[in-house]
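One structure below.
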There are 2 protein chains.
Amino acid sequence: MEGKLYGVGVGPGEAELMTIKAKRILDQVPIIAVPVKSIGEDSTALNIIKEIIDIKEKEILEVEFSMDKNKEKREASRKNAINLIKDKLKEGKDIAMITLGDVSIYSTYMYINNSIKEAGYLTEIIPGITSFSAIAAKAQISLAEGNETLAIIPAVKDNTNLAEIFRSYDNVVMMKAAGSIKNINQCLEENFKDYSALVASKCGFEDEYIGKVDLERENSYFTTMIIKKGGTK
Amino acid sequence: MEGKLYGVGVGPGEAELMTIKAKRILDQVPIIAVPVKSIGEDSTALNIIKEIIDIKEKEILEVEFSMDKNKEKREASRKNAINLIKDKLKEGKDIAMITLGDVSIYSTYMYINNSIKEAGYLTEIIPGITSFSAIAAKAQISLAEGNETLAIIPAVKDNTNLAEIFRSYDNVVMMKAAGSIKNINQCLEENFKDYSALVASKCGFEDEYIGKVDLERENSYFTTMIIKKGGTK
């Protein structure tokens, strides 16, 4: 019988924030697929599960998702990833591909899932704690209450819509915000005195920062801003 | 020494979708606080944890959050809840208050947390899997990819902003949507032929429904719609 592919969200960084189901699946599969930008690269998701899962007896299958500017190279890399996985599934082995945070929010896993599913294999997705839920928990603030609305926005490339977003939504989670903090802060200071902004960098890791905007600070790629109308309560 | 209050997200319905941390905290506290609309009411959150946590030796503290139309009655009920919790904390007992899904997304727990924290007690929040992550996982769709945006919107009371929301966001999660499915569907059919809509009712429970819009169907209070530009991939 052919193997099954699981997409497993391992949560935002703290190993204990994995679900019981994620742990069970990772304990039971013989192969753990680890998405990397280039083979041999250190994987944050793998480091997280190592704290809880015994991977000694498992096959770790590095799966390259090239971020090359050349589209053909990126597509060739994805095709190769899918073929690697298919070969193992054909051998009857179950595979769990791990992904940081939740699988449905900005994860490249969905592309693999759809291709494998369309090829007729069984697939299953195990959701994970999102970075924004973990940050809100750490900071002890809500993301939305009562009838409030919430917008989840990835890295802002330009500043044109920013004021409109803040005007339309009670709360805004700005993901991959490291490069945009200055713009966002300026927009808030100029237009929205009653807003509060929280910056969270590498939440759940040893070098995490959760606090006010600090324009002097060098922030990691994993930086999120939470902006709330009327301030954080 | 005074006790500590934990706010624990127990996830969307499937007991195994609790985090390892949530299980550890619930295993270790002597008191589990259960928010209810009226004393004696059946609690979905309590039913979920019962599958995994041995509650025989625990004190179950029902905490009433009145939904009475009278504001004074609602406030009196909240004050009473806070006093109940404070009394136990003063006795040096740790308490975990359970909440469905994630603690930061539309949970009444935050009100309790802030009051208890302001009164000088230790508080900690354990995030949970949100209903929309669980639904996306079950339906094997993404909520946001690449540079896409995501809006989380609670029950729509009127139809005026609906088209604008769908125009501004790549993906929209409409929570507590049971009463609005007809309006939403009409708006999509009239304005957005390239959108797809998924209805999820009681995801993770035995009587779950995840599928297309069915205007004949009676949906539960726990109904969510996921609307994606260009259809679900």
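Label-point separation (nm) for residue B:209 and residue B:27, each offset 7 Å from Cα along Cα-to-Cβ?
3.9 nm
Which residues in region B:106-130 have a backbone N closer than 16 Å to a point placed 7 Å from the Cα of residue B:84 along the Cα-to-Cβ line?
B:108-113, B:116
Work out how far the C-alpha atoms of region B:1-55 reach from end to end along every principal axis, then list the three figures in whole Å, largest first.
Over region B:1-55, Cα extents along the principal axes are 33, 27, 17 Å.
Specify the residue with the greatest mean-square fluctuation among B:30, B:127, B:12, computed from a Gaussian network of chain B linking alpha-carbon atoms under 10 Å apart.
Top of the fluctuation ranking is B:30.
In a GNM of chain A with a 10 Å cut-off on Cα contacts, which of A:72, A:41, A:208 has the highest mean-square fluctuation?
With Cα springs under 10 Å in chain A, the top fluctuation among A:72, A:41, A:208 is at A:72.
Just subtract the alpha-carbon distance of residue B:217 and residue B:190 from 0.36 nm times their residue separation and send over the number in nm, one decimal.
7.6 nm
Can you give the Rg to Rh ratio of region B:140-196, both from alpha-carbon atoms, with Rh computed by the Kirkwood formula?
Using only Cα positions, Rg/Rh for region B:140-196 is 0.94.
Taking the convex hull of the alpha carbon atoms in region B:166-221, what volume per residue do you get, in Å³?
For region B:166-221, the hull spanned by Cα atoms encloses 87 Å³ per residue.
By its C-alpha gyration tensor, with a ≥ b ≥ c as the square roots of the eigenvalues, how is region B:28-71 shaped: rounded for a/c under 1.5, else prolate for a/b larger than b/c, else oblate?
Note, shape of region B:28-71 comes out prolate.
Between the label point of residue A:163 and that of the same position in each other copy, find the distances and list them shortest first in nm, with every label point placed 7 Å from Cα along the Cα-to-C-beta direction.
2.6
How big is region B:4-126 by Rg and Dmax over its Cα atoms, in Å?
Expressed in Å, the Cα Rg and Dmax of region B:4-126 come to 13.5, 40.
Report the label-to-label distance for residue A:62 and residue A:122 in nanometres (one decimal), using points 7 Å from each Cα along the Cα→Cβ vector.
3.1 nm
Regarding region A:131-229, what's the average projected area of the Cα-atom convex hull, expressed in nm²?
5.9 nm²
Could you state the orientation-averaged shadow area of the convex hull built on the Cα atoms of region A:77-177, in nm² to one decimal?
Numbers: hull surface 36.4 nm².
With the hull built on Cα positions only, its mean projection is 9.1 nm².
How many Cβ atoms of partner chains, on average, are near each residue of A:9-17 if near means within 10 Å of its Cβ?
Mean partner-chain Cβ count within 10 Å for A:9-17: 3.
Which shape class applies to chain B: rounded if a/c is under 1.5, otherwise prolate when a/b exceeds b/c and oblate if not, where a ≥ b ≥ c are the square roots of the Cα gyration tensor eigenvalues?
In terms of gyration-tensor shape, prolate.
Can you list, shortest first and in nm, the gaps between the label point of residue B:82 and those of its counterparts in the other copies, using a point 7 Å from Cα in the C-beta direction?
Computed spacing set for this position: 5.6 nm.
How high is the FRET efficiency between residue A:183 and residue B:36 when r is their beta carbon distance and R₀ equals 56 Å, given to the nearest 0.05?
0.80
Taking N as the number of residues in the protein assembly as shown, what is its alpha-carbon radius of gyration divided by 2.2 N^0.38 Å?
0.97
Within 10 Å, count the other beta carbons around each residue, average over each peptide in B:62-69, A:128-135, and list them highest first.
Final packing ranking: A:128-135, B:62-69.
Suppose we keep just the DSSP beta bridges with both residues in region A:4-126; what percent of those would be antiparallel, to 5?
5 percent
Throughout, read-outs are computed from the coordinates displayed, never taken from laboratory work. As the structure is a computational prediction, the values presented were derived from the model and not from experiment. Because the Cβ atoms are built from the backbone with ideal geometry, glycine has one as well, and the counts that use them run over all protein chains shown.
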